[in-house]
Amino acid sequence: MILFKAGSKGPAFLAMGDRMKSKQKTKGFAYILPALVFIVVIFMIPLTYTVVMSFLRWNLLRPDLGIKPAGFTNYVRLFTDSFTLDTVGRTFYFVVGAVLVELIIGLCIALALDTEFKGWKIVQSILLVPFMIAPVVVGYVWRFVLNSDYGPIIHLMKQIGFGGLVDKPLLSNPSAAMPVLIVADAWEYIPFVTLVLLAGLKSVPYEPYEAAFVDGASSIQRFFYITLPLLRPSILVAVVIRTLTSLRVFDIVFIMTGGGPGTATETLAFYGYRTAFQAYNVGFSSAINMLTFGIAVVFTILYMKIIGGGKNYD
Amino acid sequence: MRTRFMLLLFVLLIASCFAVPLRLSSEVGIHTDAWKTRMEGFTKETGIEVDIQQFPYANYLDQLMLGYTSGRVEIDVPYISMLWYPALSIANYIYPISDIPGYEKINEADIPGIRNAKLNGKTYIVPYMNELGGIIYRKDLFEDPVEKANFLNKYGYELLPPQTLEQYRDVAEFFNRPPDLYGVTMMGRRSIFLATHFMQRLWAKGGALLDMNMRPIFNSEAGVEALEEVKYMFQFANPAAMNYDFQEALNEFISGRSAMAEVWTTGMFYVEDESRSSIVGKAGFVGFPRPEEKLGEKLPMLYISWGFSVSSSAPDKEAALEWLLYVTETKNEVEAAPTGNIPARFSALNSPELAESFPWIGDFASAMENCIPTPIVPLIPEGGSIVSGIIAPAVSEFLAGTKTAEKALDDAVKEVDRLMRDGGYY
């Protein structure tokens with residue numbers, strides 16, 4: 001809205017416009033101030049605190065040693081320690097595995113559910129159940145399900161002749177434990193991915209399909225040239241959120257394997273926890289958390305570039 | 001009117017200062033339930049009110065540490081694991097109880113393992129619950145005449161609760177009849193429980209975690225043998241035991257699916273719990289076996305203890321000591337024990353009333369008298385990190401087959417060495 005006095009001259013009008021703009025800016029700033037304060041308090045202060053701690057030598061169990069500046073010691077250890085690098089590798093394995101499985105299966109389910117049918121809402125509600133369960137409970141459920149004595153999955157595998165695969169309990173098998181964690185995580189989060197993608201599918205306009213149909217495009221062509229590109233924003237949301245949450249995976253690792261067997265399922269978040277709450281090494285643990293944070297930022301930027309950087313179809 | 005009101009307010013304020021109860025804290029657990037039954041009697045006898053805050057075990061230490069570090073702890077008498085007191089005492093968060101006037105009434109000579117509660121000659125924790133790592137076994141199976149005859153026939157000696165590591169292996173092999181009965185239940189999940197299997201054998205074979213100069217020495221020949229022995233015993237355990245923790249191991253044993261369980265004494269309370277055990281009255285306890293050549297020697301045995309400490313910030317330390325004297329009195333320990341505690345005093349362990357409630361308590365007392373009670377982790381602030389964070393993963397790596405025994409132990413020793421250097425030990 002533009003206001004001006006009748007008969008006012010140019011410069012006076014412009015000055016008034018500037019005042020208006022400045023007033024509007026102040027007003028706008030006032031509106032976002034609560035959110036800004038919230039972000040600073042909830043996000044920036046803890047982050048800054050963690051950054052500061054990561055440069056300290058601080059062990060809660062040894063207050064007699066005091067809190068001393070450590071320079072880059074924690075980071076040097078972080079990047080030269082082969083265990084940390086192995087842990088980063090295991091974390092990538094988990095994140096890539098979990099996100100891929102969830103995306104592929106979630107997309108398939110979303111496509112299957114993208115038609116209204118009787119009982120659609122019931123199916124949708126049932127689909128959400130795993131997502132509503134706390135990760136700790138999911139961990140216990142899967143630990144039970146995979147128990148080599150009475151777990152139904154193991155029993156079933158033995159019944160259908162795949163007993164050889166589960167001779168050694170899966171969670172105690174170093175090469176099987178991580179894939180099993182990925183399956184458990186996928187079981188919990190596929191509904192989330194499905195819902196995000198389903199919402200995306202619902203917003204895809206019908207016209208491009210009509211045009212493609214007239215042009216004689218096959219269903220596969222329609223999927224790859226229309227559905228997938230138009231679904232890109234939803235895929236980006238699902239993948240970014242799931243990557244960030246997978247990087248922090250802790251609960252199911254803690255409950256299902258405790259990081260074992262050996263170090264086969266020890267992820268960065270678990271390592272950070274162990275350093276913070278078993279060794280009480282606050283400084284090094286903060287450095288581990290900063291590394292996790294850095295990886296999350298890099299992942300997010302990469303996804304934005306790869307998935308979000310294409311043509312805008314809106 | 002206003003003056004009267006102000007006066008009343010002042011009086012109430014002063015009264016409230018004096019009426020501050022003794023503030024206890026603990027984890028949620030059965031031995032805490034046991035001493036909680038004494039709180040009312042204590043108040044009746046002394047007029048001192050007591051209040052308790054309980055936390056889940058998993059975050060109890062965190063709560064204490066964060067409270068003490070921030071200076072906002074409101075606990076006078078924390079009931080803690082013996083493993084925690086070194087860190088708390090070095091930081092002066094807890095007070096040397098032996099410095100409180102009247103402490104001599106505690107009668108330390110009656111408490112086995114009290115030497116573990118001392119730092120620089122001062123006592124920081126008074127044990128209330130004591131237990132040992134050992135073997136709980138199925139008495140009914142061991143006393144079965146057919147089993148005895150078959151065992152004698154196969155191994156050439158009498159079937160008895162194992163005293164030596166050799167007997168332990170034989171008995172586990174003999175009773176291993178999967179899937180209905182396993183020879184032994186062990187705890188293979190990567191945790192402090194798994195580390196105990198290694199440490200018990202290391203000690204039994206004459207090894208140690210650290211030497212006198214606090215340097216790690218568990219990659220010795222005894223260490224390698226101990227680790228290999230752990231793996232050997234797992235062949236007589238349920239394959240699922242590779243991911244068992246304490247509770248799962250106990251569940252297997254109390255459901256009658258194994259002849260022995262390598263756990264610790266508290267397991268006997270679960271055995272006797274009619275609501276969940278199918279072997280009530282059918283189990284016994286024996287201390288951890290040792291090599292035949294070391295029979296009769298006093299060797300270190302896994303020792304777990306919880307007890308009472310006193311916060312340095314406690315305003316009335318005499319009241320705190322009153323509580324300690326009351327709750328650890330033999331009579332009170334005996335009366336509280338059936339709720340779920342193994343008393344810390346010999347006088348309580350050997351009392352006839354307790355022997356009636358717990359027929360196995362005599363075997364426990366005798367195991368306690370014939371060993372060197374050795375805490376589950378070295379009593380230094382880094383002890384927990386060494387056992388849970390370094391030794392447990394090393395044992396797990398060996399069991400998982402990702403490292404040889406030598407490599408797993410050598411790597412673990414290097415890590416402990418770094419930890420100790422960081423801690424300024426050398």
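Here, each number is a calculation from the coordinates, and none is a lab measurement. Since the structure is predicted, the reported quantities are computational estimates derived from the model, not experimental observations. Reconstructed Cβ throughout: ideal geometry from the backbone, glycine too, with neighbour counts over all protein chains shown.
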Of the DSSP H helices in chain A, those whose Cα atoms cover at least 30 Å axially and whose Kyte score averages 1.6 or more: A:82-112, A:282-306
Fewest-first sequence of A:Trp187, A:Trp58, A:Trp120 by Cβ atoms within 10 Å of each Cβ: A:Trp120, A:Trp187, A:Trp58
Helix-derived mean residue ellipticity, 222 nm - over chain B, DSSP H n ≥ 4, -39500 (n - 2.57), to 500: -12500 deg cm²/dmol
Expected 222 nm ellipticity per residue - DSSP helices of 4 or more, -39500 (n - 2.57), all of chain A, to 500: -22000 deg cm²/dmol
Under Karplus coefficients 6.51, -1.76 and 1.60, residue-wise ³J(HN,Hα) of region B:130-145 in Hz, glycine/proline x: 10, 8, 10, x, x, 10, 9, 9, 7, 4, 4, 6, 5, 9, 5, x
Chain B: C-alpha pair distances exceeding 26 Å, %: 58
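Based on the Cβ-Cβ distance of B:Ile48 and B:Asn350, what FRET efficiency does E = 1/(1 + (r/R0)^6) give at R0 = 51 Å, to the nearest 0.05? Intermediate results must be reported in sequence, preceding the final value.
On the way: r = 30 Å, r/R0 = 0.59.
E(calc), rounded to 0.05, equals 0.95.
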Positive-end extreme of charge dipole, region A:82-306 - chosen from A:Gly151, A:Val249, A:Leu100 (charges on Cβ): A:Val249
Distance between region B:224-295 and region B:163-187 - C-alpha centres, whole angstrom: 9
Per-pair calculated FRET efficiency, R0 = 30 Å: A:Ile133 and A:Phe224 via Cβ, rounded to 0.05: 0.30
Angle between chain B longest axis and helix B:192-204 axis [Cα atoms, degrees, rounded to 10]: 70
When the convex hull of its Cα atoms is projected in every direction, mean area for region B:255-320 (nm²): 8.5
Positive-pole candidate from B:Met186, B:Leu160, B:Leu66, dipole of chain B, charges at beta carbon: B:Leu66
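Arranged by the count of other C-beta atoms within 10 angstrom, fewest first, what order do B:Ile391, B:Ile192, A:Ile153, A:Ile160 take?
Placing the least packed residue first, the sequence is A:Ile160, A:Ile153, B:Ile192, B:Ile391.
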Whichever lysines have a C-alpha closer than 26 Å to that of B:Lys282, once near sequence neighbours (fewer than 8 apart) are set aside: B:Lys139, B:Lys148, B:Lys154
Globularity index of the protein assembly as shown, i.e. its alpha-carbon radius of gyration over 2.2 N^0.38 Å: 1.16
Distance between modelled label sites at B:Arg115 and A:His155, nm, 7 Å Cα→Cβ extension: 5.3
Counted charge near B:Asn116, where neighbours are those whose Cβ lies closer than 14 Å (Asp, Glu -1; Lys, Arg +1): +1
Assigned charges on the beta-carbon of Lys, Arg, Asp, Glu; the protein assembly as shown dipole about Cα centre (debye): 3900
Estimated distance in nm for a label pair at B:Asp211 and A:Tyr93, the labels positioned 7 Å out from Cα along Cα-to-Cβ: 3.7
Cα centre as origin, Lys/Arg/Asp/Glu Cβ charges: chain B dipole, Debye: 860
3J(HN,Hα) from dihedral phi, region B:95-100, Karplus parametrisation 6.51/-1.76/1.60, rounded to Hz, x for glycine, proline: 9, x, 4, 5, 8, 7
Positive-pole candidate from B:Ala172, B:Phe42, B:Pro56, dipole of chain B, charges at beta carbon: B:Pro56
Radius of gyration, Dmax [region A:82-306; alpha carbons; angstrom]: 20.1, 66
Label-point separation, B:Asp417 to B:Leu160 (7 Å along Cα→Cβ), nm: 4.4
Full-stretch length increase - B:Glu221, B:Glu293 - with 0.36 nm per residue and alpha-carbon distance subtracted: 24.2 nm
Likely footprinting exposure, A:Met16, B:Met233, B:Met420, fewest C-beta neighbours within 10 Å first: A:Met16, B:Met420, B:Met233
Assigned charges on the beta-carbon of Lys, Arg, Asp, Glu; chain A dipole about Cα centre (debye): 1380
B:Thr37/B:Glu74 FRET efficiency (R0 25 Å; Cβ-Cβ; nearest 0.05): 0.60
Gap separating the Cα centres of region B:40-114 and region B:124-144, nearest whole Å: 25
